[in-house]
Amino acid sequence: MTLDEVEAPGFRTVESDMRGIGEAARASGLSISALRFYDSAGVLVPAAVDPATGYRRYTSEQVRAARLIAGLRRVGMPVAEIAAAVQDLLNDPAAVRAKLDDHLLRLESGLADARRELLRLHTLLDLEENLMTRITLPAADLSAALGAVLFAAAGATGPIPAGVLFETGDDTVTLVATDRFRLAAATAPAVVEGSPARLFLPLPPAEELHGIRTGSITVDLTDDLVTARAGDRTVSGEPIDMDFPDYRRLLPPPGATLTVDVAELRDLLAAAPVIDREHEGRPYPVSVLGVDHEGRVRFAGADEWAADTESHVAVNREFLLQALDAGAAGQLELELDGPVRPLIVRPVGAASHFSLLMPVRH
């Protein structure tokens, strides 16, 4: 027992309508130490304090306020808001009720956030236990990224089968496709859960995913299966069992860059000379690109290419057209730097989204 809990002789008779701190504590549900804390914080200052002994006395209204404080403590209301509620208790009970309703909304919102976070953590544990990676993003974003790379897998033959690499990063998924003569890559923002993944999806399910353009899509990646869900639609496929080439090693150091208008480049390409070449018995058209004296892209004919191979780069014309189709409308950047470096086509300012066309030797 402390001095505050003991009645001073004669003090009770002077202020008989007040309660000592011990009574106030028992009546309100607050501990004596809590009452002292709220006194020091200016939230609930005793009605009287004996100057000689320091005994605290509380009125009935203050005990009522202490009950309010005890309840607000139990529901986690901040001290500053408790103080405001105590001030409004006598003069504006409606304001106190409004504060209670506001706090309840915060608690409900916080509980919903906590449930979502706990569910996310449970999902993360499930993914890690099952060695699974989950990618979630708008279906339109995944479709656009696939549309930017699928053309590069359409003619795949030989050691690299037709398909699309799915590679996760920090809040991104990168898609890559190649047929050895060209390569395309596109990166989209995504929510990535689980371990980093790098899986090579066959072309048919990748093309099916490209056709889903609305809502959200979730792609689960395991070593044995890729499963995508969008609404009531499910697409799945077994990953190709091979190590996809490290496409980053194929990228040359940055070269000379030209900014071109896609429509103007198409017009130039339509009017440009076409050179016929053959590979493994199959003919294909070639276009030869160079730079004029004003620093603009131009197309050369066979004779000019033969006379000056060092200043030009030749590429499969159909591949170039497909790269333009896969790129953004408006303007593109071309990295055009000599006959042995690949031609790189990318949307302006989009370093992680590009098409790479291998040069044709003269």
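The values are calculated or read from the model by the stated rules, or taken from the named source; none is laboratory data. Everything numeric in this text was worked out from a predicted model, so none of it was measured. Neighbour counts are summed over all protein chains in view; Cβ atoms, including those assigned to glycine, are modelled from backbone coordinates with ideal geometry. Areas reflect the complete protein model, heavy atoms only, side chains present, ligands, DNA and RNA absent. Shrake-Rupley method; radii C 1.70, N 1.55, O 1.52, S 1.80 Å.
Quick rundown of the values:
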item: Pairs where the first residue, in the stretch 78-100, is open to solvent by 70 Å² or more (accessible area, probe 1.4 Å) and the second is assigned to a helix (DSSP H, G or I) and not β-branched (Val, Ile, Thr), C-beta under 7 Å, 6+ apart; result: LEU90/GLU61
item: Qualifying residues in the stretch 1-54 (those that are among the basic types (Lys, Arg) and either surrounded by fewer than 16 Cβ atoms within 10 Å (Cβ to Cβ) or assigned to a loop (DSSP other than H, G, I, E, B) (or both)) - the one modelled with the lowest pLDDT; result: ARG12
item: Flag if ALA256 is over 30 Å from the mean Cα position of the chain (by Cα), at pLDDT 90 or above and open to solvent by 40 Å² or more (accessible area, probe 1.4 Å); result: no
item: LEU107 vs. criteria open to solvent by 60 Å² or more (accessible area, probe 1.4 Å), not polar (S, T, N, Q) and not in a loop (DSSP other than H, G, I, E, B); result: yes
item: Extreme residue, farthest from VAL96 (Cα to Cα), among residues of the stretch 60-74 that are touching a residue at least 12 places away in the same chain (Cβ under 8 Å) and either of a type in the set (Ser, Thr, Tyr) or open to solvent by 70 Å² or more (accessible area, probe 1.4 Å) (or both); result: SER60
item: Count - residues of the stretch 353-362 that are open to solvent by 30 Å² or more (accessible area, probe 1.4 Å) and closer than 14 Å to ALA326 by Cα; result: 1
item: Extreme residue, surrounded by the fewest Cβ atoms within 10 Å (Cβ to Cβ), among residues of the stretch 159-197 that are outside any strand (DSSP E or B) and within 22 Å of the chain's Cα centre (by Cα); result: ASP170
item: Filtered residues of the stretch 212-245 (kept if open to solvent by 70 Å² or more (accessible area, probe 1.4 Å) and either touching a Gly at 6+ places or on another chain (Cβ under 9 Å) or not hydroxyl-bearing (Ser, Thr, Tyr) (or both)); result: ARG213, THR214, ASP223, ASP224, LEU225, ARG229, GLY231, ASP232, ARG233, GLU238, ASP241, ASP243
item: Unique match (being open to solvent by less than 70 Å² (accessible area, probe 1.4 Å), in contact with a strand residue (DSSP E or B) (Cβ under 7 Å, 6 or more places away or on another chain) and in a loop (DSSP other than H, G, I, E, B)) among ALA328, ALA323; result: ALA328
item: Test: LEU150 is open to solvent by 20 Å² or more (accessible area, probe 1.4 Å), within 20 Å of GLY237 (Cα to Cα) and at pLDDT 90 or above; result: yes
item: Selection count, the stretch 115-146, where residues are surrounded by 12 or more Cβ atoms within 10 Å (Cβ to Cβ), at pLDDT below 75 and of a type in the set (S, T, N, Q); result: 1
item: Contacts under 6 angstrom Cβ, first residue in the stretch 35-59 being closer than 19 Å to ARG73 by Cα and without any contact (Cβ under 8 Å) to a residue 24 or more places away in the chain, partner part of a loop (DSSP other than H, G, I, E, B) and open to solvent by 10 Å² or more (accessible area, probe 1.4 Å), 6 or more apart; result: ASP39/VAL45
